[in-house]
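The values are calculated or read from the model by the stated rules, or taken from the named source; none is laboratory data. Bear in mind that the values here come from a model prediction, so they are computed numbers and not experimental data. Reconstructed Cβ throughout: ideal geometry from the backbone, glycine too, with neighbour counts over all protein chains shown. Side chains are part of the model used for accessible areas, which takes the heavy atoms of the whole protein and leaves out ligands, DNA and RNA. Shrake-Rupley method; radii C 1.70, N 1.55, O 1.52, S 1.80 Å.
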Amino acid sequence: MNLPSWLLPALVPLAAAWVRHHERRICRLGLPLSDEELRDAREMGVANPEKIRLMQVARIPFFNGRAISALAAIFPAISTHTGGLCLRYGIYIRSEFWRDRQMVAHECVHTGQYERCGGIRNFLNAYFTGCIAVGYPAAPMEQEAIDRSAKIPRDRD
């Protein structure tokens, strides 16, 4: 889908507010990583894995509001059916994937990307720009998460 050049800079601050809201919720109510998941997170490039919290959900919360919903139209891979969603240090994991090492590791790669980008807005801008340029899942940041997490077994604790 073609995105008007003005739309991404307009949507990133709205998406960042949504991310911050959900990150705070997960970090307040979620569970810390297990010892094994902490080791995996470090291997995935997370500088501060002790900050990560996981929250099990039946469905990934969906973007709300017209402007944010435009992102869902552009990025159909981000939906209520997504297995996991990284919101910096807060990670939603759908029940079917709860404690799946490879799923958690994949989302931890994104946490490391947030850290390397220097924050939520910078991450979102880079991630969305990559998805717009080459599509999901071929975008560089998504490919990094796919490739790095593929080295982790998909077994469950």
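After finding the eigenvalues of the alpha carbon gyration tensor for segment 101-157, what semi-axes result from the square roots of 5 times each, listed largest first in whole Å? Walk me through the numbers on the way to the answer.
Working: eigenvalues 93, 37, 10 Å².
Semi-axis lengths for segment 101-157 are 22, 14, 7 Å.
Could you compute how much accessible surface L87 exposes when probed at 1.4 Å, giving the result in Å² to the nearest 10? Rounded to the nearest 10, that gives 0 Å².
Could you order peptides 31-37, 89-95, 103-109 by the average number of other Cβ atoms within 10 Å of their residues, highest first? Let's see the in-between values first.
Numbers: 31-37: 15.3, 89-95: 21.1, 103-109: 25.1.
Per-residue mean Cβ counts within 10 Å order the peptides as 103-109, 89-95, 31-37.
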